[in-house]
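Participant: Please read through the structure below; I'll follow up with questions.
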Amino acid sequence: MTIRFVHRAILASLIAMSSVAQAQDLKQTAVPGHNTETSEQRAARMAWWRDARFGMFIHWGLYAVPAGEWNGRKDLAEWFMDQTGIARADYERFAAQFNPTKYDPEEWVRIAKDAGMKYIVITSKHHEGFAMWDTKGTDYNIAKRTPYAKGVLKPLADAARRAGLHFGTYYSIMDWHDPSQSPAQPGKHYNPTKMDLARKRAYIEEMKTELAELIRETHTEVLWFDGEWMDWWTNEDGRELYAYLRGLDPNLIINNRVGNSRAGSLAGMDKGEGVGDFGTPEQNIPARGFGPGVYWETCMTLNDHWGYNKYDDHWKSPAVIVRNLVDIASKGGNYLLNVGPDATGTIPAPAVAILGDVGSWLKVNGESIYGTGPTPFAGDRGSYSKTEKSGDGKPKWIPRWDWRATSKKGKVYVHLFEWPGKTFRVDAGDVHAKSAYLLADPSHAPLQLAQNGKTLEVQLPDKPLDPVDTVLVIETRD
Ligand code: FHN
């Protein structure tokens with residue numbers, strides 16, 4: 001599904017208005033008989049994921065074969081079946097053409113690691129219903145139906161772990177191929193599918209079989225559900241599935257799309273009581289964070305498609321990606337950035353180049369991202385207008401883009417996107433500064449710093465060390 005980037009500020013403020021209240025619910029995801037987990041235990045289970053901050057999303061499936069093109073259309077990708085209304089039997093033919101001989105899981109992991117990403121989440125089964133491993137749940141899978149004749153998930157999981165990265169799997173609840181579900185408009189659109197309720201239990205058991213295999217065979221650490229917005233999938237179904245999966249692996253981390261509490265909203269946070277461990281804003285960055293104890297992760301395309309589209313060269317720049325990552329970390333969230341490999345098993349070269357540049361920035365400035373907490377300052381994300389109102393009559397949120405902050409015990413990292421000139425001045429709030437230096441300056445030469453009550457001033461050199469983001473480190477007494 002292509003989403004051209006609307007003006008970031010408009011989208012952020014629209015979403016901001018609705019997200020805060022929703023986030024509170026994620027804290028109380030109670031699952032009967034399973035939720036004896038204290039918030040400390042939960043924090044421990046989520047620790048690696050929260051500290052990682054940056055991951056690679058991989059959308060790969062049969063839709064890579066047509067590469068975005070069909071009957072003159074060039075805007076297609078993983079929603080090929082729904083956008084063309086093609087019959088299942090015709091779409092199945094792409095399986096015979098799917099033979100990714102260039103697939104090199106070590107190379108994919110190298111690209112992710114070089115980009116500074118700490119975990120990988122790959123589509124095990126997208127809406128098309130095609131399984132990327134040799135599952136007993138359906139014979140509509142890569143081992144049974146393609147000339148490649150073997151799964152691609154376990155080799156990637158093993159390569160990721162050899163490189164010290166964590167591994168997760170995306171799984172769609174909606175299945176455009178499964179006979180239990182029928183297209184919304186036959187011949188036109190599959191989404192949102194209708195479920196034959198007499199076959200729902202059997203489909204859920206099939207899902208459990210497949211998910212248990214993913215846990216057992218790939219030791220997936222994150223289950224990234226999606227395609228949950230149909231009326232036949234309920235929060236109760238989500239709670240049951242969540243308890244079943246955490247029963248199989250108590251360390252599992254499961255997103256909030258296991259339930260049906262987003263109401264399909266791209267804001268990605270739960271409306272009312274939710275299920276799952278983290279919220280999933282999609283193609284947007286919330287205006288502010290959601291406070292301690294609320295986990296969330298923005299997922300985003302690197303161009304305009306999740307799946308491979310050979311015509312899509314609307315790539316985001318490394319600067320945009322770095323600043324998105326910083327913006328998200330400053331609000332206490334994670335960033336899951338997507339690539340869509342082609343049918344040969346190759347990640348597009350422009351994506352590899354952009355990720356390489358992002359990785360270069362993280363090689364110098366990684367400590368200001370990994371394992372950090374949100375900003376301790378009030379003003380870096382923006383402020384409420386004293387005059388303008390937004391749609392709901394509340395003061396309008398005016399985001400700012402010149403700097404952000406992340407924090408760790410004893411340190412605050414000020415990310416300067418725009419150089420403030422000779423002096424960086426900020427209302428320090430509860431921060432008590434003792435010294436400052438620039439992170440990219442290997443000598444960490446001390447900068448002149450003065451704090452008079454809440455006003456903190458740091459004298460800066462004339463020019464930034466990095467035009468994308470120069471990190472000013474403030475060491476604190478806290
Ligand atoms: O329909 C999917 C889409 O193809 C893609 O997988 C994204 C990724 O988060 N999720 C759904 C749209 O919300």
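Participant: Considering only DSSP beta bridges where both residues belong to the chain, give the percentage that are antiparallel (nearest 5). Please report the intermediate quantities before stating the final value.
Facilitator: Values: 36 of 66 bridges.
Counting DSSP beta bridges with both partners in the chain, the antiparallel share is about 55 percent.
Participant: Given the DSSP H assignment, sum -39500 (n - 2.57) over each helix run of at least 4 residues in the chain and divide by its residue total; what's the result at 222 nm in deg cm²/dmol, nearest 500?
Facilitator: Using -39500 (n - 2.57) per qualifying helix, the result is -8500 deg cm²/dmol.
Participant: Here's a follow-up. Given just the C-alpha atoms of region 120-175, how large is their convex hull per residue in cubic angstrom?
Facilitator: So the per-residue Cα hull volume is 71 Å³.
Participant: Quick query: amide H of K408 versus all other amide H atoms, modeled in the peptide plane; which residues come in under 5 Å with a sequence gap of 5 or more or a different chain?
Facilitator: G373, Y413
Participant: Please tell me the relative contact order of region 294-382 in percent, rounded to the nearest whole number, where contacts are Cα pairs under 8 Å and at least six residues apart.
Facilitator: 34
Participant: Could you bin all the Cα-Cα distances of region 345-478 into 10 Å bins starting at 0 and give me the percent of pairs in each, rounded to whole numbers?
Facilitator: Pairs per bin, as whole percents: 11, 37, 30, 16, 6, 0.
Participant: Rounded to the nearest whole Å², what accessible area per residue is found for region 322-471 with the 1.4 Å probe?
Facilitator: Per-residue value: 43 Å².
Participant: A further question on this structure: Which FRET efficiency, nearest 0.05, do S385 and H314 yield, Cβ-Cβ r, R0 35 Å? Mind dumping the intermediate values first?
Facilitator: Numbers: r = 32 Å, r/R0 = 0.90.
About 0.65, to the nearest 0.05.
Participant: Moving to a separate point now. Write down the percent of antiparallel bridges among all DSSP beta bridges whose residues are both part of region 86-216, to the nearest 5.
Facilitator: On the way: 4 of 11 bridges.
DSSP beta bridges in region 86-216 are roughly 35 percent antiparallel.
Participant: Kindly count the pairs of lysines across region 171-306 whose alpha carbons are less than 24 Å apart, treating pairs on different chains or eight or more residues apart as eligible.
Facilitator: Numbers: K188/K200; K194/K208; K194/K271; K200/K208.
Value for region 171-306: 4.
Participant: If amide hydrogens are placed 1.01 Å from N in the peptide plane, which non-local residues have theirs closer than 5 Å to the one on S435?
Facilitator: Placed amide hydrogens put E475 under 5 Å from S435.
Participant: Note down the relative contact order for the chain as a percent, whole number, built from C-alpha pairs under 8 angstrom at least six residues apart.
Facilitator: Computed over the chain, the figure is 17 percent.
Participant: When the scattering of the chain is computed by the Debye formula from its Cα atoms alone, each counted once and equally, what is log10 I(q)/I(0) at q = 0.05, 0.06, 0.08 Å⁻¹?
Facilitator: Those come out to -0.19, -0.27, -0.49, one per q.
Participant: Once each part is reduced to its C-alpha centroid, what is the distance from region 121-135 to region 329-403 in angstrom?
Facilitator: If we compute the Cα centre of each part, the gap is 28 Å.
Participant: Still on this structure, I have one more. Viscosity 1.002 mPa s, temperature 20 °C: give me the Stokes-Einstein translational D for region 41-171 in µm²/s, with Rh taken as the Kirkwood radius over C-alpha pairs.
Facilitator: Numbers: Rh = 16.0 Å.
Approximately 134 µm²/s, per Stokes-Einstein.
Participant: Can you tell me which lysines have their Cα less than 29 Å from the Cα of K434? Leave out same-chain residues fewer than eight positions away.
Facilitator: Cross-link targets: K331, K363, K408, K409, K411, K422, K454, K463.
Participant: Okay, next question. Calculate one ³J(HN,Hα) per residue across region 265-280 by plugging θ = phi - 60° into the Karplus curve 6.51 cos²θ - 1.76 cosθ + 1.60, and present them in order as whole Hz with x for glycine and proline.
Facilitator: With the stated coefficients, region 265-280 comes to 6, 5, 4, x, 9, 6, 9, x, 4, x, 10, x, 9, 8, x, 9 Hz.
Participant: Could you please state how large a percent of the accessible area of the chain is carbon and sulfur, counting protein chains only and using a 1.4 Å probe?
Facilitator: Whole-percent figure for carbon plus sulfur exposure: 55.
Participant: Order of 421-427, 310-316 by packing, highest average Cβ count within 10 Å first?
Facilitator: Ranked from most to least packed, the peptides come out as 310-316, 421-427.
Participant: Let me ask something else about it. With +1 on the Cβ of every Lys and Arg and -1 on the Cβ of every Asp and Glu, and nothing else charged, how large is the dipole of the chain about its Cα centre, in debye rounded to the nearest 20?
Facilitator: Values: 57 positive and 60 negative charges, 164 e Å.
It works out to roughly 780 debye.
Participant: Out of residues 5 or more away from F167 or on other chains, whose amide H comes under 5 Å of its own, with H placed 1.01 Å from N in the peptide plane?
Facilitator: The list, which skips near neighbours in sequence, is I120, E221.
Participant: Further question on the same structure: Give the relative contact order (percent, whole number) for region 367-473; include only Cα pairs under 8 Å separated by 6+ residues.
Facilitator: Working: 192 pairs, mean separation 27.3, N = 107.
Value for region 367-473: 25 percent.
Participant: Right, another one. Which order do the peptides 157-164, 266-273 come out in when sorted by mean C-beta neighbours inside 10 angstrom, highest first?
Facilitator: Output ranking for 157-164, 266-273: 266-273, 157-164.
Participant: Right, next: Sort 238-245, 257-264, 136-143 by the packing proxy (mean of other Cβ within 10 Å over each peptide's residues), most packed first.
Facilitator: 257-264, 238-245, 136-143
Participant: Moving on. So which lysines can K102 reach, going by Cα to Cα under 28 Å and dropping same-chain residues fewer than 8 places off?
Facilitator: Partners within reach: K74, K113, K118, K125, K136, K144, K150, K154, K310, K316.
The values are calculated or read from the model by the stated rules, or taken from the named source; none is laboratory data. The shown structure was predicted, so the numbers you read here are calculated from the model rather than taken from an experiment. Backbone-built Cβ (ideal geometry, glycine too); neighbour counts: all protein chains shown. Heavy atoms of the whole protein, side chains included, go into the accessibility calculation; ligands, DNA and RNA do not. Shrake-Rupley method; radii C 1.70, N 1.55, O 1.52, S 1.80 Å.
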